[in-house]
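Inspection log for the structure reproduced underneath, given as C-alpha coordinates.
The values are calculated or read from the model by the stated rules, or taken from the named source; none is laboratory data. Predicted model only: the values in this text are computed from it and were never measured. Positions of Cβ are backbone-derived with ideal geometry, glycine not excepted, and every protein chain shown enters the neighbour counts. Only protein heavy atoms, including side chains, enter the accessible area calculation; ligands, DNA and RNA are left aside. Shrake-Rupley method; radii C 1.70, N 1.55, O 1.52, S 1.80 Å.
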Amino acid sequence: MLETKVCIIGAGPGGAAAALQLAQLGVECIVVDKAVFPRDKVCGDGLSGKVITALNRIDPAIATRLKEASFKVNSWGVTFVSPGRHSLDVGYRPDYNSKNEGHKETPIGYVAKRMDFDNFLVDEIKRRKEISLYEKVNVDKYELLEDGYLVSGNNGAFQVKAQLLIIANGAHSSFTKEVAGITMEPNHYIAGIRAYYKNVTGNNPDNFIELHFLKNLLPGYFWIFPLPNGEANVGVGILSETVRKKKINLKKEMLDIIASDPVFKERFKDAELTSNIEGYGLPLGSKVRVLHGERYMLVGDAAYLIDPFTGEGIGNALYSGRIAGLQAHEALKANNFSTAQLAKYDAEVYRVMGPELKLSYRLQKLIRYPWLFNTLMKVSSRNKQLQELLSCMFYEVDLRKRLTKPSFYFKLLLNR
(Lines give C-alpha, C1' and ligand atoms only; values in the text may rest on other atoms or scores of the structure.)
Protein backbone atom coordinates (compact mmCIF):
# COMPACT_ATOMS: atom_id res chain seq x y z
CA MET A 1 0.00 0.00 0.00
CA LEU A 2 1.25 3.45 -0.97
CA GLU A 3 1.10 6.38 1.43
CA THR A 4 1.00 10.07 0.60
CA LYS A 5 -0.07 13.40 2.02
CA VAL A 6 -2.31 14.22 -0.94
CA CYS A 7 -3.88 11.86 -3.47
CA ILE A 8 -5.39 13.42 -6.58
CA ILE A 9 -7.96 11.39 -8.48
CA GLY A 10 -7.82 12.41 -12.15
CA ALA A 11 -4.96 13.77 -14.25
CA GLY A 12 -7.00 16.14 -16.45
CA PRO A 13 -6.62 19.93 -16.21
CA GLY A 14 -8.03 20.24 -12.67
CA GLY A 15 -5.98 17.39 -11.21
CA ALA A 16 -2.85 18.43 -13.07
CA ALA A 17 -3.16 22.02 -11.83
CA ALA A 18 -3.54 20.85 -8.24
CA ALA A 19 -0.54 18.52 -8.51
CA LEU A 20 1.68 21.11 -10.20
CA GLN A 21 0.75 23.77 -7.63
CA LEU A 22 1.61 21.37 -4.80
CA ALA A 23 4.92 20.55 -6.49
CA GLN A 24 5.73 24.26 -6.65
CA LEU A 25 5.16 24.39 -2.90
CA GLY A 26 7.40 21.36 -2.33
CA VAL A 27 4.55 19.01 -1.40
CA GLU A 28 4.69 15.44 -2.69
CA CYS A 29 1.52 13.87 -4.02
CA ILE A 30 0.17 10.89 -5.93
CA VAL A 31 -2.00 11.33 -9.04
CA VAL A 32 -4.20 8.45 -10.21
CA ASP A 33 -6.06 8.21 -13.52
CA LYS A 34 -8.04 5.41 -15.14
CA ALA A 35 -6.64 6.24 -18.59
CA VAL A 36 -3.24 5.88 -20.20
CA PHE A 37 -2.12 9.15 -21.76
CA PRO A 38 -2.41 10.39 -24.40
CA ARG A 39 -6.13 9.78 -24.39
CA ASP A 40 -9.07 11.53 -26.04
CA LYS A 41 -11.59 13.60 -24.10
CA VAL A 42 -14.83 14.76 -25.68
CA CYS A 43 -14.75 18.55 -25.41
CA GLY A 44 -14.99 21.77 -27.39
CA ASP A 45 -11.18 22.07 -27.28
CA GLY A 46 -11.12 25.83 -26.62
CA LEU A 47 -8.36 27.20 -24.38
CA SER A 48 -9.32 30.74 -23.41
CA GLY A 49 -7.06 33.35 -21.85
CA LYS A 50 -7.79 31.85 -18.45
CA VAL A 51 -5.59 28.87 -19.30
CA ILE A 52 -2.41 30.90 -19.75
CA THR A 53 -3.32 33.07 -16.74
CA ALA A 54 -3.74 30.01 -14.51
CA LEU A 55 -0.57 28.28 -15.73
CA ASN A 56 1.41 31.50 -15.28
CA ARG A 57 0.30 31.67 -11.66
CA ILE A 58 1.37 28.08 -11.05
CA ASP A 59 4.68 28.30 -12.91
CA PRO A 60 5.48 30.76 -15.74
CA ALA A 61 7.74 28.14 -17.35
CA ILE A 62 4.70 25.91 -18.01
CA ALA A 63 2.87 28.78 -19.70
CA THR A 64 5.94 29.46 -21.84
CA ARG A 65 6.14 25.83 -22.95
CA LEU A 66 2.45 25.88 -23.89
CA LYS A 67 2.97 29.05 -25.95
CA GLU A 68 5.80 27.29 -27.80
CA ALA A 69 3.87 24.03 -28.38
CA SER A 70 2.96 23.11 -31.97
CA PHE A 71 -0.24 21.12 -31.33
CA LYS A 72 -2.50 24.18 -31.12
CA VAL A 73 -3.68 27.14 -33.17
CA ASN A 74 -3.47 30.66 -31.77
CA SER A 75 -6.90 32.18 -31.16
CA TRP A 76 -7.60 35.82 -30.35
CA GLY A 77 -11.25 35.73 -29.34
CA VAL A 78 -14.86 34.61 -29.61
CA THR A 79 -17.59 35.37 -32.13
CA PHE A 80 -21.08 35.42 -30.63
CA VAL A 81 -23.95 35.17 -33.11
CA SER A 82 -27.50 35.84 -31.94
CA PRO A 83 -30.66 34.09 -33.26
CA GLY A 84 -31.20 37.09 -35.55
CA ARG A 85 -27.66 36.60 -36.97
CA HIS A 86 -26.29 39.68 -35.23
CA SER A 87 -22.59 38.98 -34.84
CA LEU A 88 -20.22 40.29 -32.16
CA ASP A 89 -16.48 39.64 -32.12
CA VAL A 90 -14.97 39.76 -28.63
CA GLY A 91 -11.20 39.60 -28.28
CA TYR A 92 -9.65 37.62 -25.43
CA ARG A 93 -7.98 40.92 -24.54
CA PRO A 94 -10.09 44.05 -24.14
CA ASP A 95 -7.50 45.94 -26.22
CA TYR A 96 -7.50 43.39 -29.05
CA ASN A 97 -7.18 45.03 -32.47
CA SER A 98 -7.23 42.79 -35.53
CA LYS A 99 -5.77 45.60 -37.65
CA ASN A 100 -2.69 45.81 -35.46
CA GLU A 101 -0.15 43.24 -36.64
CA GLY A 102 1.56 43.42 -33.24
CA HIS A 103 -1.26 41.51 -31.56
CA LYS A 104 -0.13 38.38 -33.37
CA GLU A 105 3.02 38.24 -31.22
CA THR A 106 1.23 37.57 -27.94
CA PRO A 107 -1.92 35.43 -28.25
CA ILE A 108 -3.41 34.32 -24.96
CA GLY A 109 -6.02 31.93 -26.31
CA TYR A 110 -5.67 28.68 -28.25
CA VAL A 111 -7.60 25.77 -29.67
CA ALA A 112 -6.11 22.32 -29.16
CA LYS A 113 -7.47 18.80 -29.08
CA ARG A 114 -7.82 17.55 -25.52
CA MET A 115 -5.75 14.50 -26.42
CA ASP A 116 -2.83 16.87 -27.02
CA PHE A 117 -3.44 19.48 -24.31
CA ASP A 118 -4.09 16.98 -21.52
CA ASN A 119 -1.03 15.00 -22.58
CA PHE A 120 0.98 18.24 -22.39
CA LEU A 121 -0.16 18.65 -18.77
CA VAL A 122 0.69 15.01 -18.00
CA ASP A 123 4.17 15.60 -19.42
CA GLU A 124 4.45 18.56 -17.05
CA ILE A 125 3.46 16.26 -14.18
CA LYS A 126 6.15 13.79 -15.23
CA ARG A 127 8.77 16.56 -15.05
CA ARG A 128 8.23 16.91 -11.31
CA LYS A 129 9.93 14.56 -8.86
CA GLU A 130 7.35 15.59 -6.24
CA ILE A 131 4.52 13.95 -8.23
CA SER A 132 4.00 10.21 -8.71
CA LEU A 133 1.58 9.39 -11.54
CA TYR A 134 -0.27 6.07 -11.73
CA GLU A 135 -2.15 5.47 -14.98
CA LYS A 136 -4.66 2.72 -15.85
CA VAL A 137 -5.99 2.64 -12.28
CA ASN A 138 -9.77 2.57 -12.03
CA VAL A 139 -10.55 3.74 -8.49
CA ASP A 140 -13.57 1.83 -7.23
CA LYS A 141 -13.54 2.36 -3.46
CA TYR A 142 -13.04 5.25 -1.03
CA GLU A 143 -12.89 4.57 2.71
CA LEU A 144 -12.70 7.40 5.24
CA LEU A 145 -10.53 6.42 8.20
CA GLU A 146 -9.68 8.35 11.38
CA ASP A 147 -6.32 9.44 10.01
CA GLY A 148 -6.99 9.64 6.27
CA TYR A 149 -8.65 8.18 3.20
CA LEU A 150 -7.95 4.68 1.89
CA VAL A 151 -8.37 4.64 -1.88
CA SER A 152 -8.58 1.33 -3.72
CA GLY A 153 -8.46 0.65 -7.43
CA ASN A 154 -8.44 -2.19 -9.94
CA ASN A 155 -10.45 -4.41 -7.58
CA GLY A 156 -8.04 -3.95 -4.68
CA ALA A 157 -4.83 -4.46 -6.66
CA PHE A 158 -3.97 -0.77 -6.14
CA GLN A 159 -4.22 0.94 -2.75
CA VAL A 160 -3.10 4.31 -1.49
CA LYS A 161 -3.64 5.97 1.87
CA ALA A 162 -3.73 9.77 1.91
CA GLN A 163 -4.30 12.48 4.46
CA LEU A 164 -6.29 14.45 1.91
CA LEU A 165 -8.06 13.77 -1.40
CA ILE A 166 -8.49 16.12 -4.35
CA ILE A 167 -11.23 14.76 -6.60
CA ALA A 168 -10.70 15.74 -10.24
CA ASN A 169 -12.12 12.82 -12.20
CA GLY A 170 -14.66 14.69 -14.26
CA ALA A 171 -18.36 15.10 -14.86
CA HIS A 172 -19.25 11.50 -14.03
CA SER A 173 -17.30 11.25 -10.78
CA SER A 174 -18.78 8.57 -8.52
CA PHE A 175 -17.20 10.36 -5.53
CA THR A 176 -19.05 13.59 -6.37
CA LYS A 177 -22.35 11.72 -6.49
CA GLU A 178 -21.97 9.17 -3.71
CA VAL A 179 -19.80 10.98 -1.15
CA ALA A 180 -20.30 14.69 -1.85
CA GLY A 181 -23.99 14.17 -2.66
CA ILE A 182 -23.96 16.33 -5.79
CA THR A 183 -26.12 14.91 -8.56
CA MET A 184 -27.02 15.91 -12.11
CA GLU A 185 -29.91 18.41 -12.35
CA PRO A 186 -31.26 18.87 -15.91
CA ASN A 187 -31.63 22.65 -15.46
CA HIS A 188 -27.96 22.93 -14.39
CA TYR A 189 -26.46 20.57 -16.98
CA ILE A 190 -25.77 20.73 -20.71
CA ALA A 191 -25.97 17.79 -23.10
CA GLY A 192 -23.40 18.14 -25.86
CA ILE A 193 -22.07 16.35 -28.91
CA ARG A 194 -18.78 16.88 -30.73
CA ALA A 195 -17.33 15.94 -34.11
CA TYR A 196 -14.21 16.78 -36.11
CA TYR A 197 -14.49 18.09 -39.67
CA LYS A 198 -11.95 19.05 -42.32
CA ASN A 199 -12.29 21.86 -44.86
CA VAL A 200 -14.90 24.02 -43.13
CA THR A 201 -14.74 27.43 -44.81
CA GLY A 202 -15.44 30.98 -43.64
CA ASN A 203 -13.42 30.81 -40.42
CA ASN A 204 -12.22 34.02 -38.79
CA PRO A 205 -8.67 34.88 -39.97
CA ASP A 206 -7.60 35.24 -36.31
CA ASN A 207 -9.12 31.88 -35.38
CA PHE A 208 -11.94 33.21 -33.23
CA ILE A 209 -14.05 30.40 -31.83
CA GLU A 210 -17.69 30.68 -32.90
CA LEU A 211 -20.81 30.32 -30.75
CA HIS A 212 -24.03 30.44 -32.82
CA PHE A 213 -27.12 30.80 -30.64
CA LEU A 214 -29.62 29.47 -33.15
CA LYS A 215 -33.27 29.90 -32.22
CA ASN A 216 -34.14 26.19 -32.07
CA LEU A 217 -31.16 25.46 -29.79
CA LEU A 218 -31.81 28.03 -27.04
CA PRO A 219 -30.58 28.15 -24.35
CA GLY A 220 -27.69 26.50 -26.17
CA TYR A 221 -25.63 26.88 -29.31
CA PHE A 222 -23.93 25.40 -32.36
CA TRP A 223 -20.15 25.87 -32.31
CA ILE A 224 -17.19 25.83 -34.67
CA PHE A 225 -13.68 25.92 -33.19
CA PRO A 226 -10.74 26.02 -35.66
CA LEU A 227 -7.93 23.50 -35.14
CA PRO A 228 -4.50 22.85 -36.68
CA ASN A 229 -4.17 21.20 -40.10
CA GLY A 230 -7.44 22.56 -41.48
CA GLU A 231 -9.62 20.72 -38.97
CA ALA A 232 -12.45 22.13 -36.86
CA ASN A 233 -14.21 20.99 -33.72
CA VAL A 234 -17.95 21.21 -34.44
CA GLY A 235 -20.74 20.56 -32.00
CA VAL A 236 -24.02 21.39 -30.31
CA GLY A 237 -24.72 21.99 -26.63
CA ILE A 238 -28.22 22.40 -25.20
CA LEU A 239 -29.54 22.57 -21.63
CA SER A 240 -30.52 19.02 -20.63
CA GLU A 241 -33.88 20.20 -19.34
CA THR A 242 -34.67 21.54 -22.85
CA VAL A 243 -33.45 18.35 -24.53
CA ARG A 244 -35.81 16.31 -22.35
CA LYS A 245 -38.82 18.60 -22.74
CA LYS A 246 -38.50 18.95 -26.50
CA LYS A 247 -37.16 15.42 -27.06
CA ILE A 248 -34.28 16.78 -29.13
CA ASN A 249 -31.99 14.38 -30.98
CA LEU A 250 -28.69 16.27 -30.78
CA LYS A 251 -26.97 14.36 -33.56
CA LYS A 252 -29.89 14.88 -35.95
CA GLU A 253 -30.08 18.56 -34.96
CA MET A 254 -26.41 19.14 -35.71
CA LEU A 255 -26.48 17.32 -39.05
CA ASP A 256 -29.67 19.19 -40.06
CA ILE A 257 -27.98 22.53 -39.31
CA ILE A 258 -24.96 21.59 -41.42
CA ALA A 259 -27.12 20.32 -44.29
CA SER A 260 -29.98 22.84 -44.31
CA ASP A 261 -29.04 26.12 -42.63
CA PRO A 262 -28.41 28.69 -45.40
CA VAL A 263 -25.15 29.89 -43.79
CA PHE A 264 -23.69 26.56 -42.73
CA LYS A 265 -24.61 24.43 -45.73
CA GLU A 266 -22.40 26.79 -47.76
CA ARG A 267 -19.54 26.68 -45.22
CA PHE A 268 -19.71 22.87 -45.01
CA LYS A 269 -20.27 22.12 -48.70
CA ASP A 270 -16.73 20.74 -49.12
CA ALA A 271 -16.31 19.62 -45.49
CA GLU A 272 -15.52 16.05 -44.53
CA LEU A 273 -16.45 14.38 -41.24
CA THR A 274 -13.24 12.85 -39.89
CA SER A 275 -14.44 11.36 -36.58
CA ASN A 276 -17.35 9.78 -34.82
CA ILE A 277 -20.03 12.09 -33.41
CA GLU A 278 -19.69 11.65 -29.66
CA GLY A 279 -21.76 12.90 -26.74
CA TYR A 280 -20.81 14.25 -23.34
CA GLY A 281 -22.26 16.15 -20.39
CA LEU A 282 -21.32 19.55 -18.98
CA PRO A 283 -22.11 20.06 -15.27
CA LEU A 284 -22.71 23.78 -14.89
CA GLY A 285 -21.62 26.20 -12.19
CA SER A 286 -25.01 27.93 -12.31
CA LYS A 287 -25.70 26.93 -8.71
CA VAL A 288 -23.57 27.27 -5.57
CA ARG A 289 -22.68 23.88 -4.14
CA VAL A 290 -20.61 22.53 -1.25
CA LEU A 291 -17.34 21.47 -2.88
CA HIS A 292 -15.55 20.04 0.15
CA GLY A 293 -16.00 17.73 3.10
CA GLU A 294 -13.87 15.99 5.66
CA ARG A 295 -10.50 15.30 3.99
CA TYR A 296 -11.59 16.10 0.42
CA MET A 297 -12.06 18.90 -2.15
CA LEU A 298 -13.72 18.69 -5.57
CA VAL A 299 -12.24 20.49 -8.59
CA GLY A 300 -13.11 21.11 -12.23
CA ASP A 301 -16.00 19.21 -13.77
CA ALA A 302 -16.23 17.01 -10.65
CA ALA A 303 -17.10 20.26 -8.81
CA TYR A 304 -19.70 21.35 -11.40
CA LEU A 305 -17.86 24.53 -12.37
CA ILE A 306 -18.47 24.82 -16.13
CA ASP A 307 -19.51 28.27 -17.34
CA PRO A 308 -23.31 28.30 -17.93
CA PHE A 309 -23.13 30.75 -20.85
CA THR A 310 -19.99 29.83 -22.80
CA GLY A 311 -19.64 26.19 -21.76
CA GLU A 312 -15.97 26.72 -20.90
CA GLY A 313 -14.62 24.23 -18.38
CA ILE A 314 -10.85 23.98 -18.89
CA GLY A 315 -9.94 27.40 -17.51
CA ASN A 316 -12.23 26.94 -14.50
CA ALA A 317 -10.77 23.47 -13.88
CA LEU A 318 -7.23 24.89 -13.85
CA TYR A 319 -8.25 27.69 -11.52
CA SER A 320 -10.07 25.43 -9.06
CA GLY A 321 -7.21 22.91 -9.18
CA ARG A 322 -4.68 25.59 -8.33
CA ILE A 323 -6.86 26.86 -5.46
CA ALA A 324 -7.23 23.29 -4.16
CA GLY A 325 -3.43 22.89 -4.23
CA LEU A 326 -2.98 26.07 -2.20
CA GLN A 327 -5.66 25.07 0.30
CA ALA A 328 -4.20 21.56 0.62
CA HIS A 329 -0.87 23.14 1.53
CA GLU A 330 -2.56 25.26 4.21
CA ALA A 331 -4.39 22.21 5.62
CA LEU A 332 -1.14 20.23 5.76
CA LYS A 333 0.64 23.07 7.56
CA ALA A 334 -2.20 23.25 10.10
CA ASN A 335 -2.50 19.43 10.25
CA ASN A 336 -6.22 20.06 9.97
CA PHE A 337 -8.35 18.34 7.31
CA SER A 338 -11.74 19.04 8.83
CA THR A 339 -14.79 20.30 6.97
CA ALA A 340 -14.37 23.66 8.69
CA GLN A 341 -10.75 24.00 7.55
CA LEU A 342 -11.50 23.00 3.95
CA ALA A 343 -14.48 25.37 3.77
CA LYS A 344 -11.83 27.97 2.91
CA TYR A 345 -11.53 26.23 -0.47
CA ASP A 346 -15.18 26.88 -1.35
CA ALA A 347 -14.91 30.45 -0.13
CA GLU A 348 -11.93 31.12 -2.41
CA VAL A 349 -13.41 29.35 -5.45
CA TYR A 350 -16.62 31.35 -5.25
CA ARG A 351 -14.78 34.57 -4.35
CA VAL A 352 -12.75 34.29 -7.55
CA MET A 353 -15.24 32.64 -9.93
CA GLY A 354 -18.59 33.34 -8.29
CA PRO A 355 -19.32 36.77 -9.84
CA GLU A 356 -18.52 35.45 -13.30
CA LEU A 357 -20.63 32.31 -12.87
CA LYS A 358 -23.56 34.44 -11.65
CA LEU A 359 -23.21 36.77 -14.63
CA SER A 360 -23.02 33.81 -17.04
CA TYR A 361 -26.12 32.25 -15.50
CA ARG A 362 -28.02 35.52 -16.01
CA LEU A 363 -26.88 35.60 -19.62
CA GLN A 364 -27.92 31.97 -20.07
CA LYS A 365 -31.40 32.82 -18.79
CA LEU A 366 -31.54 35.90 -21.01
CA ILE A 367 -30.80 33.95 -24.21
CA ARG A 368 -34.00 31.96 -23.77
CA TYR A 369 -35.66 35.05 -25.27
CA PRO A 370 -34.39 35.52 -28.85
CA TRP A 371 -35.59 39.14 -29.19
CA LEU A 372 -33.81 40.09 -25.96
CA PHE A 373 -30.60 38.37 -27.01
CA ASN A 374 -30.74 40.04 -30.43
CA THR A 375 -31.08 43.40 -28.68
CA LEU A 376 -28.13 42.64 -26.40
CA MET A 377 -25.92 41.80 -29.38
CA LYS A 378 -26.93 45.02 -31.16
CA VAL A 379 -26.23 47.10 -28.05
CA SER A 380 -22.95 45.29 -27.35
CA SER A 381 -21.63 46.06 -30.83
CA ARG A 382 -21.78 49.77 -29.91
CA ASN A 383 -20.95 49.55 -26.20
CA LYS A 384 -17.30 49.31 -25.19
CA GLN A 385 -18.09 48.48 -21.55
CA LEU A 386 -20.23 45.48 -22.50
CA GLN A 387 -17.57 44.23 -24.90
CA GLU A 388 -14.90 44.52 -22.22
CA LEU A 389 -17.14 42.68 -19.77
CA LEU A 390 -17.55 39.77 -22.20
CA SER A 391 -13.81 39.84 -22.92
CA CYS A 392 -12.99 39.61 -19.23
CA MET A 393 -15.08 36.45 -18.94
CA PHE A 394 -12.46 34.73 -21.07
CA TYR A 395 -9.38 36.50 -19.81
CA GLU A 396 -9.38 38.19 -16.42
CA VAL A 397 -11.43 35.59 -14.48
CA ASP A 398 -11.76 37.87 -11.46
CA LEU A 399 -14.58 40.24 -12.41
CA ARG A 400 -15.21 41.48 -8.87
CA LYS A 401 -13.21 44.69 -9.20
CA ARG A 402 -15.00 45.67 -12.39
CA LEU A 403 -18.50 44.74 -11.22
CA THR A 404 -18.20 46.55 -7.87
CA LYS A 405 -17.11 49.89 -9.37
CA PRO A 406 -20.01 52.37 -9.72
CA SER A 407 -18.10 53.96 -12.63
CA PHE A 408 -18.49 50.73 -14.63
CA TYR A 409 -22.29 50.89 -14.50
CA PHE A 410 -22.23 54.65 -15.16
CA LYS A 411 -20.23 54.08 -18.36
CA LEU A 412 -22.45 51.12 -19.24
CA LEU A 413 -25.58 53.30 -19.06
CA LEU A 414 -23.91 56.10 -21.00
CA ASN A 415 -22.97 53.64 -23.74
CA ARG A 416 -19.24 54.36 -23.44
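Annotations for the structure displayed:
- Highest-MSF residue in the chain out of Leu66, Leu342, Leu145 [GNM, Cα springs under 10 Å]: Leu145
- Interchain or long-range residues, amide H under 5 Å from Tyr296's placed H: Leu165
- Highest GNM mean-square fluctuation among Asp116, Asp147, Asp45, for the chain modelled with Cα contacts below 10 Å: Asp147.
- Part-to-part distance (alpha-carbon centres) for region 362-378 and region 233-247, which is given in Å: 18
- Average accessible area per residue (Å²) across region 234-275 - probe 1.4 Å, nucleic acids and ligands excluded: 57
- Sequence-distant residues sharing a close amide H with His86 (under 5 Å, placed H): none
- Applying the Karplus relation 6.51 cos²θ - 1.76 cosθ + 1.60 with θ = phi - 60° to region 25-31 yields 3J(HN,Hα) values of 8, x, 9, 7, 8, 10, 10 Hz, where x marks Gly and Pro.
- Here the accessible area of the chain is 49 percent carbon and sulfur, with a 1.4 angstrom probe and all protein chains present.
- Surface listing: Glu330, Glu356 arranged by accessible area from highest to lowest gives Glu330, Glu356, probe 1.4 Å.
- Highest-MSF residue in the chain out of Asn374, Asn335, Asn199 [GNM, Cα springs under 10 Å]: Asn335
- Derived scalar couplings ³J(HN,Hα) [region 149-157; Karplus, 6.51 cos²θ - 1.76 cosθ + 1.60; whole Hz; x for Gly, Pro]: 10, 9, 10, 10, x, 6, 6, x, 6
- Solvent exposure of region 136-183, expressed per residue, is 50 Å² of accessible area, with all protein chains present and a 1.4 angstrom probe.
- Per residue convex hull volume, Cα atoms of region 208-353, in Å³: 140
- Packing rank of 244-253, 304-313, 122-131, where each peptide gets the mean count of other beta carbons within 10 Å, highest leading: 304-313, 122-131, 244-253
- Residues whose amide H falls under 5 Å from that of Tyr189, counting only those 5 or more places apart or on a different chain, are Ser240, Glu241, Leu284, with hydrogens built in the peptide plane.
- Rounded Å value of the spacing that divides the Cα centres of region 112-167 and region 315-349: 17
- Region 253-299 shape via C-alpha gyration tensor axes, a/c threshold 1.5: prolate
- Taking Lys and Arg as +1 and Asp and Glu as -1, the other residues whose beta-carbon sits under 10 Å from that of Leu55 total +3.
- Fraction of beta bridges assigned by DSSP in the chain that are antiparallel (%, nearest 5): 70
- Distance between region 7-34 and region 273-295 - C-alpha centres, whole angstrom: 19
- Its relative contact order, with pairs defined as Cα atoms under 8 Å and 6+ residues apart, puts the chain at 22 percent.
- Backbone geometry of region 159-165 corresponds, through the Karplus equation with coefficients 6.51, -1.76 and 1.60 at θ = phi - 60°, to 3J(HN,Hα) couplings of 9, 9, 10, 9, 6, 8, 10 Hz, x marking Gly and Pro.
- Convex hull projection area averaged over all views, region 198-272, Cα basis, nm²: 5.0
- Projected over all directions and averaged, the alpha-carbon convex hull of region 139-185 occupies 3.5 nm².
- Size descriptor, Kirkwood hydrodynamic radius, that averages inverse alpha-carbon separations across region 135-250, Å: 17.7
- Sparsely packed trypsin sites (Lys or Arg not before Pro) within region 1-92, loop by DSSP, other Cβ within 10 Å at most 14: Arg85
- Of Lys252/Lys384; Lys251/Lys365; Lys67/Lys136; Lys34/Lys245, pairs whose Cα-Cα distance is over 32 Å: Lys252/Lys384; Lys34/Lys245
- All-pairs Cα distance distribution in region 1-138, expressed in whole percent, bin size 5 Å: 2, 9, 18, 19, 17, 13, 9, 7, 4, 2, 1, 0, 0
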